[in-house]
Amino acid sequence: MKILVTGAAGFIGSKVLDTLASRGDVVVGADNLNDYYDVRLKVGRLRENGFEGLPAPGDTVQSRRFLACKFVRMAVDDKPAVDRLFESEKFDAVVHLAAQAGVRYSIENPYAYLQSNLTGFLNILEACRHHPVRHLVFASSSSVYGKNAKVPYTEDDKTVSPVSFYAATKLANEHMAHSYACLYGIPCTGLRFFTVYGPWGRPDMAPMLFADAVMHGRPIKVFNHGDMIRDFTFIDDIAEGTVRTLDHVPAAGETGVPFRVYNIGCAHPVRLMDFIAELEQAAGRTAEKIFMPMQAGDVYQTNADVSRLEAEIGYRPHVTLHEGMARFMAWYVSDQNPLR
């Protein structure tokens, strides 16, 4: 298949591109390489997939690692660029992972989320409408569950009370995709990602923030005084599940709409303090901790019920937290990490 992966310089996108290309698919990666966080990390991820240097906006580069793959620097909220790409490449499928990330940043700069997460997603949907694809898989988020007190979260739980603008845009994406699946018959699947960690992770997420502080002798900020629970999921399991989902095109079924949404997580939630203990063990150091109140937009607990994804797609996460943290810290202290 020829597959478009948007957000291909991102944490999940770069690993999904690697997974698809390694099995022989023709892949076009797209990313705008914005500076929400250190671009060196994005360039490093691209280099891992054989794309050298920092391309200028609009430029296309060929992978030296995967001969059937290329990367184009473009923003999904640039409709003419998106239309040209779909017209020229004629994709069989799309994995749409490009988005403005970050719960707390959405409180500070909501317009960035309007452009990327809403306008950008509409451009992708319109392109899939006018240049039909067999399947569109897109990134949703566990944040759509808001402060849902029922755990573990199941896909049938109510998602009517997002507590951050980021979560609101992800919930809107699900409704937008459903409407296009209903109106135009575009098979769409949304993946509600639960806390993802591992090598090449985002520097604004807890694992990287904690590792950076611990390895440089700085205290770590522990929100809600450490009383938080997260369903930490290793990046390899996330990428493998995403590709499995791409291969499983949803049928219209009884509803007449070819649309599905799935939780994708580890299904073994851990307390934040236990996560920190695993990091300390992997780093061989003890962290100084500053306990702080809950931050605006955060939720106390995320816990995925992944039984639907297991039953319908065959997804099963394999990497334990202990193994995952060891692999993450080995990468963090290595020469591969441009930020260490």
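Some observations on this one:
- Elements of type helices (runs of 4 or more DSSP H) contained in region 95-155, each with 3 or more residues being touching a helix residue (DSSP H, G or I) at 6+ places or on another chain (Cβ under 6 Å): 120-130
- Yes/no for LEU309 being in contact with a strand residue (DSSP E or B) (Cβ under 8 Å, 6 or more places away or on another chain) and either of a type in the set (A, V, I, L, M) or within 22 Å of ARG45 (Cα to Cα) (or both): yes
- Any hit, region 56-75, residues being under 20 Å from GLU126 (Cα atoms), surrounded by fewer than 24 Cβ atoms within 10 Å (Cβ to Cβ) and either touching a Ser or Thr at 6+ places or on another chain (Cβ under 6 Å) or among the small types (Gly, Ala, Ser) (or both): yes
- The residue that is surrounded by the most Cβ atoms within 10 Å (Cβ to Cβ), counting only those in region 268-316 that are in contact (Cβ under 8 Å) with a residue 12 or more places away in the chain and on the phi > 0 side of the Ramachandran plot, is GLY297.
- Test: residue in region 172-180 that is at pLDDT 95 or above and within 16 Å of ILE12 (Cβ to Cβ): yes
- Region 239-268, residues that are in a loop (DSSP other than H, G, I, E, B) and either at pLDDT 90 or above or over 24 Å from THR189 (Cα atoms) (or both): HIS248, VAL249, PRO250, ALA251, ALA252, GLY256, VAL257, PRO258, GLY265, CYS266
- Top-ranked residue of region 46-61 - restricted to ones that are without any contact (Cβ under 8 Å) to a residue 12 or more places away in the chain and not in a strand (DSSP E or B), ranked as farthest from MET74 (Cα to Cα): ARG47
- Candidates ARG218, ARG192, filtered to the one that is more than 17 Å from ALA282 (Cβ to Cβ) and surrounded by 23 or more Cβ atoms within 10 Å (Cβ to Cβ): ARG192
- Answer residue from region 1-46, given it is within 15 Å of ASP204 (Cβ to Cβ), of a type outside the set (Lys, Arg) and in contact with a Pro (Cβ under 9 Å, 6 or more places away or on another chain) and is surrounded by the fewest Cβ atoms within 10 Å (Cβ to Cβ) among those: ASP38
- When region 1-33 is filtered for residues that are in a loop (DSSP other than H, G, I, E, B) and either within 17 Å of LYS79 (Cα to Cα) or hydrophobic (A, V, I, L, M, F, W, C) (or both), the ones remaining, listed by number, are MET1, GLY7, ALA8, ALA9, ASN32, LEU33.
The values are calculated or read from the model by the stated rules, or taken from the named source; none is laboratory data. The model shown is predicted, which means the values in this text are computed figures rather than measured ones. No Cβ is skipped: glycine too gets one built from the backbone with ideal geometry, and neighbour counts run over all protein chains shown.
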